[in-house]
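Peer 1: Before we start, here is the structure in question, set down as structure tokens.
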Amino acid sequence: ISINEDNAASIDNDKCTACGACVYQCPFGAISDKSYILNVIDLIKKGQYEFDLPVFYDVEDDGTNGNTVSHLSRKELTNIIKVFCETMLENNIYAGYYCNLNFIADEIYAEKLYKYPFWLAAWNREIEGDEYPNLTIWQATDSFIIQGVTEPCDLNYCFVDFEGYITKKGYNVY
């Protein structure tokens, strides 16, 4: 899911359907406005998508298209993540957040987000199970080679039966 220059949300259906997951990327200012999140929820529900994984908010800072956190405090960024996850949950969509080691250590208050699924990008580093209590997916590398695929791929390990949990709780079905 992405937000374009006109603040319109769009979903890459092929990518989301292929992996059963959806990652929300947008300028940080946009996500602090709940109406943008509601726009995304409406888009998901109208499209009748059924994700096997939570919708994850990509919290990383690439410095482009207004996607920067340099002006936000740890508290502000943590609250933005909470608003995203809570708004999604209020609308029957299971949600979490995605970020790298630098963000989890320096940019957010991770302990305030333990109730939400966490997807960690930590390449070339072993992760201990108790290091992050809400760790559900670990992105171990961005250079995994799969025979027959021309580009290197991300390699992710999922530690949770999301499909079972989502089905049991009735999330992500419209």
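Peer 1: Taking amide H positions as placed 1.01 Å from N in the peptide plane, with prolines and chain starts having none, which residues 5 or more places from T141, or on another chain, fall under 5 Å of its amide H?
Peer 2: L155
Peer 1: Pop out the ³J(HN,Hα) list for the stretch 93-103 in order, Karplus 6.51 cos²θ - 1.76 cosθ + 1.60 with θ = phi - 60°, rounded to Hz; leave Gly and Pro as x.
Peer 2: 10, 6, 9, x, 9, 10, 6, 9, 4, 4, 5
Peer 1: DSSP loop GluC sites (Glu not before Pro) in the stretch 106-174 with at most 11 other Cβ atoms within 10 Å of their Cβ, which ones?
Peer 2: In loop regions of the stretch 106-174 (DSSP not H, G, I, E or B), the sparsely surrounded GluC sites (Glu not before Pro) are E126, E128, E131.
Peer 1: Which value does Rg/Rh take for the stretch 39-173 over its C-alpha atoms, Rh per Kirkwood?
Peer 2: That ratio equals 0.97.
Peer 1: Another one. Percent of accessible area on the stretch 38-174 owned by carbon and sulfur, 1.4 Å probe? The partial results should precede the final answer.
Peer 2: Details: 3560 of 7520 Å².
Summing carbon and sulfur atoms, their accessible area is 47 percent of the total for the stretch 38-174.
The values are calculated or read from the model by the stated rules, or taken from the named source; none is laboratory data. None of the values given here were measured: they were computed from a predicted structure. Quick reminder, even Gly has a Cβ in these numbers, built from the backbone with ideal geometry, and neighbours come from all protein chains shown. SASA here: full protein model, heavy atoms, side chains in, ligands and nucleic acids out. Shrake-Rupley method; radii C 1.70, N 1.55, O 1.52, S 1.80 Å.
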